[in-house]
Amino acid sequence: MLNKFNDAFTRFTDHPDFGRLLLRLTFGVLVIFHGIAKVNHGVDWISSILESKGLPGFIAYGVFIGEIIAPLLIIVGWFTRPAALIYAFNILVATLLVGTDKIFSITKVGAWGLENEALFFLGALCIMFLGAGRYRLPFKNN
């Protein structure tokens, strides 16, 4: 009986391309909110952090590539794998700049201090390895 239920459920839910689309939309949209915040409020605070670490402040503008352009490409399914790599790199850099103090911390609700960062980073890697799938906007070189 359980095997029949499992087989029926598997047939009903066996849609890997829809799963890829859902993954792309979820992670793409969620990071775009971060990019919009930077468009609205600027990146001066990121420049300050970079300069305090001895890096040139102008590279803060790269956040627009990682949090606006790459997620848009992921959402529409164009250049999905390289866009996901850029997205993952953006999350990694952000974590190294402002999150290293949370590596060994647990929140009040029992979550790892870098849970969100890890989720975004690993989600980007999943998208990179899975690719866009079949549901994407048409593009000649896809």
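Can you tell me which residue among Glu67, Glu117 is touching a His at 6+ places or on another chain (Cβ under 8 Å) and either farther than 23 Å from Ile36 by Cβ or not β-branched (Val, Ile, Thr) (or both)?
Numbers: Glu117 fails: touching a His at 6+ places or on another chain (Cβ under 8 Å).
Residue meeting the stated conditions: Glu67.
Of everything in region 94-131 that is acidic (Asp, Glu) and within 16 Å of Phe27 (Cα to Cα), the residue that is surrounded by the fewest Cβ atoms within 10 Å (Cβ to Cβ) is Glu115. Considering only region 57-70, I want to know if a residue exists there that is loosely packed, with under 13 Cβ neighbours inside 10 Å and either of a type outside the set (D, E, K, R) or on the phi > 0 side of the Ramachandran plot (or both). Yes, some residue in region 57-70 is loosely packed, with under 13 Cβ neighbours inside 10 Å and either of a type outside the set (D, E, K, R) or on the phi > 0 side of the Ramachandran plot (or both). Listed by first and then second residue, the pairs with beta-carbon distance under 7 Å, at least 6 apart or on different chains, first residue in region 39-58 and under 20 Å from Ile69 (Cβ atoms) and among the aliphatic types (A, V, I, L, M), second assigned to a helix (DSSP H, G or I) and modelled with pLDDT of 95 or more, are Val43/Ala60; Val43/Tyr61; Val43/Val63; Ile46/Ala60; Ile46/Val63; Leu50/Gly57; Leu50/Ile59; Leu50/Ala60. Quick check, is Ala83 in contact with an Asp or Glu (Cβ under 9 Å, 6 or more places away or on another chain), crowded, with 16+ Cβ neighbours inside 10 Å, closer than 25 Å to Val39 by Cβ and of a type in the set (Gly, Ala, Ser)? In short, no.
The values are calculated or read from the model by the stated rules, or taken from the named source; none is laboratory data. What you see is a predicted model; the values in this text were computed from it and never measured. Positions of Cβ are backbone-derived with ideal geometry, glycine not excepted, and every protein chain shown enters the neighbour counts.
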